Amino acid sequence: MKILFLFLDGVGLGEDDASKNPFSSAHTPIINHLLAGKKLLAKNSPYFSPLCTLLSLDAQMGVAGLPQSATGQATLLTGVNFAKRLGYHFGPKPNPEIKMYFQPRNASNTQISAGLDDIQSNTSIFSQLFHAGKTASFLNAYPSVYFQKINSGKRNHSVIPLAATSSGINLFNQNDLIMDRALSADFTGQGWHDHLNISDTPILDPVQAGIRLAALSKNYHFSMFEFWESDFIGHKQNFSNAIRLIEKIDLVLKGLLSNWDMEDGGILITSDHGNLEDLTTRKHTKNCVPAIFIGAPAYQQKFSQRVRSIVDIAPFIIELLSD
């Protein structure tokens with residue numbers, strides 16, 4: 001059994017209104033095929049078919065305010081409702097309490113983690129699978145400048161690389177990207193050319209990136225890929241860029257599905273909070289987030305029975321990989 005967790009940052013389920021929601025007008029034939037001709041909109045969830053299941057997941061988790069990346073991502077990876085435990089939503093980067101959760105507890109950090117004292121530390125998907133003897137990987141590659149800033153203290157990990165590295169997983173680097181062992185955060189590598197001036201970065205078209213994503217996932221029981229550009233574009237409120245981005249995701253899915261063995265595993269696609277689906281605001285939204293599970297009907301049935309909130313994602317993945 002293999003699971004690919006494709007995390008799309010800042011994607012909620014919005015209205016069927018082309019004046020505010022780029023998902024209403026974007027050309028997405030693969031998503032439409034998965035949903036029997038329907039678009040990725042709030043009105044079309046839930047949806048069930050032999051190919052996939054679409055659910056609407058609560059991202060507020062019983063806490064007032066707009067959901068944020070750090071608490072949302074930490075919840076997705078652990079099954080712990082961090083917003084409720086802390087009493088507030090927080091992001092984009094993890095605060096000291098969240099960072100400490102992913103580290104071993106000791107006398108020196110007891111006070112700072114007091115709000116989380118009643119839960120076991122570092123129960124992330126990565127750490128649980130490691131202790132269960134399963135293989136796991138975080139498929140994003142990072143450029144050399146990222147490691148330089150982390151090592152110098154000028155930058156902190158966001159939640160997902162923090163959870164991975166705290167579980168003993170080494171982040172992929174520039175050489176891994178060149179050697180086809182990882183993917184850049186924008187799928188294609190174009191951003192490394194345009195914004196980082198790394199001229200030897202291999203460029204993939206989105207379909208090729210999806211094929212690569214499927215091929216890499218075959219090497220592990222659990223793989224995760226973080227696509228944060230969706231949240232970035234959502235904050236910019238540019239409709240044409242948002243539509244191009246959504247159409248790029250759809251092409252990645254085309255390549256991914258063309259190279260995926262449905263009987264051997266499942267693809268889980270979800271998010272931490274809304275944003276891209278409502279470009280009338282620069283802020284996050286309170287909308288539910290989509291959760292799509294693509295795989296054999298038996299796995300879809302478990303998904304539809306077990307998952308109601310982003311809190312349920314990590315327990316569901318662990319359960320599937322424990323069968």
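Note on region 22-103: enclosed helices (runs of 4 or more DSSP H) holding 2 or more residues that are of a type in the set (A, V, I, L, M, F, W, C), over 20 Å from residue 121 (Cα atoms) and at pLDDT 95 or above are 29-34.
Check whether at least one residue in region 137-152 is surrounded by 22 or more Cβ atoms within 10 Å (Cβ to Cβ) and either aliphatic (A, V, I, L, M) or at pLDDT below 95 (or both), and report yes or no. There is at least one residue in region 137-152 that is surrounded by 22 or more Cβ atoms within 10 Å (Cβ to Cβ) and either aliphatic (A, V, I, L, M) or at pLDDT below 95 (or both).
Yes/no matrix, rows are residues, columns are (1) assigned to a helix (DSSP H, G or I); (2) touching a Leu at 6+ places or on another chain (Cβ under 8 Å):
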| position | (1), (2) |
| --- | --- |
| 175 | yes, no |
| 193 | yes, no |
| 200 | no, no |
| 207 | yes, yes |
| 212 | yes, yes |
| 220 | no, no |
| 240 | yes, no |
| 245 | yes, yes |
| 250 | yes, no |
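Restricting attention to region 156-172, the residues that are part of a loop (DSSP other than H, G, I, E, B) and under 24 Å from residue 248 (Cβ atoms) add up to 2. So for region 244-259 (the condition being out of contact with any strand residue (DSSP E or B) (no Cβ under 8 Å at 6 or more places or on another chain) and among the polar types (S, T, N, Q)), does at least one residue qualify? Yes, region 244-259 contains a residue that is out of contact with any strand residue (DSSP E or B) (no Cβ under 8 Å at 6 or more places or on another chain) and among the polar types (S, T, N, Q). If you go through region 288-316 and keep only what is surrounded by 24 or more Cβ atoms within 10 Å (Cβ to Cβ) and farther than 17 Å from residue 35 by Cβ, you end up with 310, 313. Filtering 240, 258, 230 for residues that are within 20 Å of residue 27 (Cα to Cα) and without any contact (Cβ under 8 Å) to a residue 12 or more places away in the chain leaves a single hit, 240. Taking the criterion of being surrounded by fewer than 21 Cβ atoms within 10 Å (Cβ to Cβ) and either farther than 20 Å from residue 318 by Cα or in contact with a His (Cβ under 9 Å, 6 or more places away or on another chain) (or both), the only residue of region 217-228 that qualifies is 228. Number of residues in region 299-311 that are assigned to a helix (DSSP H, G or I) and closer than 21 Å to residue 275 by Cα equals 2. Condition check for residue 201 on (1) surrounded by 18 or more Cβ atoms within 10 Å (Cβ to Cβ); (2) in contact (Cβ under 8 Å) with a residue 40 or more places away in the chain: one failure, at (2). For residue 51, the conditions (1) surrounded by fewer than 20 Cβ atoms within 10 Å (Cβ to Cβ); (2) out of contact with any Leu (no Cβ under 7 Å at 6 or more places or on another chain) all hold with the exception of (2).
Quick one: which of 42, 26 is under 18 Å from residue 270 (Cβ atoms) and crowded, with 17+ Cβ neighbours inside 10 Å? The unique qualifying residue is 42. Across region 1-21, the qualifying residues are those that are over 19 Å from the mean Cα position of the chain (by Cα) and modelled with pLDDT of 95 or more, and the one among them that is farthest from residue 218 (Cα to Cα) is 19.
Residues checked against (1) in contact (Cβ under 8 Å) with a residue 24 or more places away in the chain; (2) out of contact with any strand residue (DSSP E or B) (no Cβ under 6 Å at 6 or more places or on another chain); (3) closer than 20 Å to residue 46 by Cα:
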{"site": "263", "(1), (2), (3)": "yes, yes, no"}
{"site": "267", "(1), (2), (3)": "yes, no, yes"}
{"site": "280", "(1), (2), (3)": "yes, yes, no"}
{"site": "292", "(1), (2), (3)": "yes, no, yes"}
{"site": "296", "(1), (2), (3)": "yes, yes, yes"}
{"site": "304", "(1), (2), (3)": "yes, no, yes"}
{"site": "311", "(1), (2), (3)": "yes, yes, yes"}
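Residues in region 256-298 that are more than 21 Å from residue 13 (Cβ to Cβ) and either part of a loop (DSSP other than H, G, I, E, B) or at pLDDT below 95 (or both): 259, 260, 261, 262, 263, 264, 265, 296, 297, 298. Residue count for region 233-264, restricted to those that are of a type in the set (Gly, Ala, Ser) and on the phi > 0 side of the Ramachandran plot: 0.
The single residue among 230, 217, 258 that is touching a Lys or Arg at 6+ places or on another chain (Cβ under 8 Å) and closer than 30 Å to residue 203 by Cβ turns out to be 217.
The values are calculated or read from the model by the stated rules, or taken from the named source; none is laboratory data. This one's a predicted model, so the numbers in the text were calculated from it and none came from an experiment. Cβ coordinates were reconstructed from backbone atoms using ideal geometry, including for glycine residues, and neighbour counts include every protein chain displayed.
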